[in-house]
Amino acid sequence: MTTPLENPSPAVPAPSGLWGRLKAHILHPELSPEQVAWSFALGLSIAWNPLLGLHTALMFAFCLIFRRLHRPLLIMAMLVNNPWTLVPMATASVWIGNLVRGRFDSGNLARIEWHQIGWRSFVTWSGFEAMTTMLRPVLKSYLIGGTLCTLLALPVGYFFMLWLARRLRRIHWPHLHHPLPHPHDPPSGD
C-alpha cells in the first residue's frame, strides 16, 4: 500500500524582480533555446523598424505566422523601442544612415525644432506638411539607417539570446546535461 509523501516538496516560488521574470521567460521549458532566440531576435528587429506605427501590427503578424514563438519575450524585445528610447534609436538610425551615405556633416538633428512637432503634426494636413518639410533633411538617412539596424538586429539578437538561453539552461538545469542515474540502473564501474 502506498502512502502519500510526508513532506511534499514546496512549490517553486515565483521569480521576483525584472531579471528573475526575464530569466523565467528565457528558461521556458516547452521551447528550445533556438525558438527563444528567434522570438527575441524578431522582437528586437521590430523595435528597430524605422516605420513608426507598424510595430504592433508586425508583432501580431509574426505571432500569427510563427506559432512556436515565445510571444511574451517577442513583445518584451519589441518594447525596447518606447517613448524613452525612441529619440536615441532614431538618432542612431540617422547617424548610421549618414555614415552609409557618406554625409558626415549634414543632416544634423540639432537643426530640427522638435518642440514644433505635436498632435497637430499628425491630424492636420498643414501640420503634417510642416513636419515633413522640417524632417526631410534627415528622413532618407533615418530610413536607410533604421533598415540596416532592423536587418542587423536579427543576427545580433538571435546569437546573443541563443548564447544566453543555453548558458542559463546549463546553470539552472544541470540535470539536462548530466542526468541523474535511475534507481534501478546498475552502478557504473567508474
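Any read-out appearing in this document is the output of simple, stated calculations on the displayed coordinates, not a laboratory observation. What you see is a predicted model; the values in this text were computed from it and never measured. Here the Cβ is made from the backbone with ideal geometry for all residues, glycine too, and neighbour counts use every protein chain on show.
Quick one: net charge around TRP38, please, counting Lys, Arg +1 and Asp, Glu -1 for every other residue with C-beta under 15 Å from its C-beta. List each step's numbers first, then the result.
Numbers: positive: ARG67, ARG68, ARG71, ARG166; negative: GLU30, GLU34.
After counting each charged neighbour, the total is +2.
Full extension from ARG67 to LEU22: what is 0.36 nm times the residue separation minus their Cα-Cα distance, to one decimal in nm? The partial results should precede the final answer.
Values: separation 45, 0.36 × 45 = 16.20 nm, distance 2.06 nm.
Additional length available on full extension: 14.1 nm.
How high is the FRET efficiency from PHE122 to GLU34, r the C-beta distance, R0 45 Å, rounded to 0.05?
On the way: r = 40 Å, r/R0 = 0.89.
With a Förster radius of 45 Å, E is 0.65.
Restrict the search to the stretch 98-153; then list the chymotrypsin sites (Phe, Trp or Tyr not before Pro) that DSSP places in a loop and that have at most 16 other Cβ atoms within 10 Å of their Cβ. Display every interim value, and only then the final one.
On the way: sites: PHE104, TRP114, TRP119, PHE122, TRP125, PHE128, TYR142; in loops: PHE104, TRP119.
Those satisfying the criteria are PHE104, TRP119.
Mean projection of the alpha-carbon convex hull of the stretch 32-174 over all orientations, in nm²?
Its average projected convex-hull area is 10.2 nm².
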